[in-house]
Amino acid sequence: MLQLLPFVALACVALSQAVAPSPGPGVSRVSRLSTDFGVKVFREVAKASKDGNVAFSPYGVTSVVAMLQMAAAGETRSQIQRAMGYGVNESGVPRATRWLQKTLTDPRNKDVVDTADALFVQRDLPLVPGFMPRFHRVFRQMVKQVDFTESERARHIINAWVEQHTKGMIRDFLVEGALDQMTRLVLLNAIHFKGLWDLPFPAAATHQRLFHKQDGSTVSVPMMEQTSKFNYGEFSTPEGVEYDVIELPYQGETLSMLIAAPFKMDMPLSALTALIDVQLLAEWKRNMTRVVRLLVLPKFSLESEANLRRPLESLGMKDLFDASRADFSSLSDQESLFVAQALQKVKIDINESGTEASSATAAIVYARMAPLAVVMDRPFLFVLQHNPTGSVLFMGQVMEP
């Protein structure tokens, strides 16, 4: 039986009551701007990780911040809109957002991508007339009403939604005490991905090899190997840091994973993560060529949690978290609200993704020439991208498998 690769991301924002005062160029634009925003948030998260492993979903954080923008007003909305580069209520944006969601989750794709958005609101919170229809028009979800005065019961309801929409991979997302009687709203996005490599790694070729950590030490880890034709390119940063990028497609090639690492062992990965944006991703795709390479890649599993407050504040969204300045009057003009928490949790598992049945489906023969090797035995960056739209579902840095 084929083994699937699961990717799960969950982004969450909780608002509390303040105790004191392709279908056209529009779709391409929204896809590009939303992807760029999500990647910028990743850069801030990676910067704060102190060279630790990071797994992140740019798509997930963009979805939640877009929901926040719809609920915000005044300067709070302006700050979000400037950071994202577009307004969720602009002409054509709702249609583009729905099209992107539909394309990502198209059942004809060979890979499985499930996304879900949710807005859990205090059941007696008076909402601005027309907010719920506007929310449903863009996100295709109904507003869910809960009673946050029974905070533990509300937490269990939300955690059950998370577990359901991540196929059981993320449980107990909100810890005890995460909600209280002042909570008025929780916004959630969940993504679940399962995919098989277009050409699986032979399990028999996985061996222990040394992985060189950033501090100069080494650790023995299982590394997968395969020789195949890959899209591959060699690049350099404006500061002259040379690095290579290789692309691994999933079945159907709707999605693929880009993996990048500096050539030199002693070069910090931050030289790449600090530069990553949607333009650089497009440059990689334009300048890679299909060549035969021996790829050596570690098996790895990551579980990562991120507090998004500082990353969002660093991108200019400061009023969100200020109880005296936040403005969410587009949602409710009866209570003063502010963002109490902004969280994301991601689980990723990368392995050979194959059994005898799948590895027997193709026999690829090359000329008997020793291929050049791409050995990811040092910290590397990975990006899981939806090729038709350019949306980045997941990305991260692996400092130690």
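Using 0.36 nm per residue and subtracting the Cα-Cα separation, the extra length available between Gln164 and Glu234 on full extension is 21.0 nm.
Show Thr115, Thr166 ordered by accessible area, largest first, where the area counts protein heavy atoms only and the probe is 1.4 Å. It would help to have the intermediate numbers written out before the result.
Numbers: Thr115 35, Thr166 0 Å².
Ranking Thr115, Thr166 by accessible area, largest first, yields Thr115, Thr166.
For the chain, carbon and sulfur atoms together expose 49% of the accessible surface, with a 1.4 angstrom probe and every protein chain in place.
Each residue of segment 211-226 was assigned a 3J(HN,Hα) from its phi angle through the Karplus expression (A = 6.51, B = -1.76, C = 1.60, θ = phi - 60°), giving 10, 8, 7, 5, 7, x, 7, 10, 9, 7, 9, x, 10, 8, 9, 7 Hz with x at Gly and Pro.
With the charge dipole of the chain set up from +1 on Lys and Arg Cβ and -1 on Asp and Glu Cβ about the Cα centre, the Cα lying farthest toward the positive end among the listed residues Pro388, Phe135, Ile350 is that of Pro388. Checked against a 31 Å cut-off, the cross-linked pairs Lys167/Lys318; Lys110/Lys345; Lys194/Lys318 give Cα-Cα distances beyond that limit for Lys167/Lys318; Lys194/Lys318.
Each Lys and Arg adds +1 at its Cβ and each Asp and Glu adds -1 at its Cβ; summed about the Cα centre, the chain shows a dipole of about 860 debye.
Given R0 = 35 Å, the distance between the Cβ atoms of Val112 and Glu150 translates into a calculated FRET efficiency of 0.50. Of all aspartates and glutamates in the structure, those lying under 17 Å Cα to Cα from Lys144, and not within fewer than 8 positions of it along the same chain, are Asp117, Asp124, Glu152, Glu163.
Mean residue ellipticity, 222 nm, helices only, the chain: the sum of -39500 (n - 2.57) across DSSP H runs of n ≥ 4, divided by residue count and rounded to 500, is -8000 deg cm²/dmol. Separation of segment 265-329 and segment 214-238, taken as the distance between their Cα centroids, equals 19 angstrom.
Over segment 95-250, the fraction of Cα-Cα pairs per 5 Å bin, rounded to whole percents and listed from the shortest bin up, is 1, 7, 10, 11, 12, 12, 11, 10, 9, 8, 5, 2, 0.
Measuring with a 1.4 Å probe in the full set of protein chains, what accessible area per residue, in whole Å², belongs to segment 139-247? Mind dumping the intermediate values first?
Details: 5080 Å² over 109 residues.
On a per-residue basis, 47 Å².
Quick check for you: which residues of segment 37-76 have the amide N under 13 Å from the point 7 Å beyond the Cα of Val221 toward its beta carbon? From segment 37-76, the list is 52-55. For the residue pair Arg137 and Arg290, what label-to-label distance in nm results when each label sits 7 Å from Cα along the Cα-to-beta-carbon direction? Modelled inter-label distance: 4.5 nm. Once the 1.4 Å probe is applied to the protein heavy atoms, segment 66-115 comes out at 43 Å² accessible per residue.
The values are calculated or read from the model by the stated rules, or taken from the named source; none is laboratory data. Since the structure is predicted, the reported quantities are computational estimates derived from the model, not experimental observations. Here Cβ is always computed from backbone atoms with ideal geometry, including for glycine, and neighbour counts include all displayed protein chains. All accessible areas refer to the heavy atoms of the entire protein, side chains included, with ligands and DNA or RNA removed. Shrake-Rupley method; radii C 1.70, N 1.55, O 1.52, S 1.80 Å.
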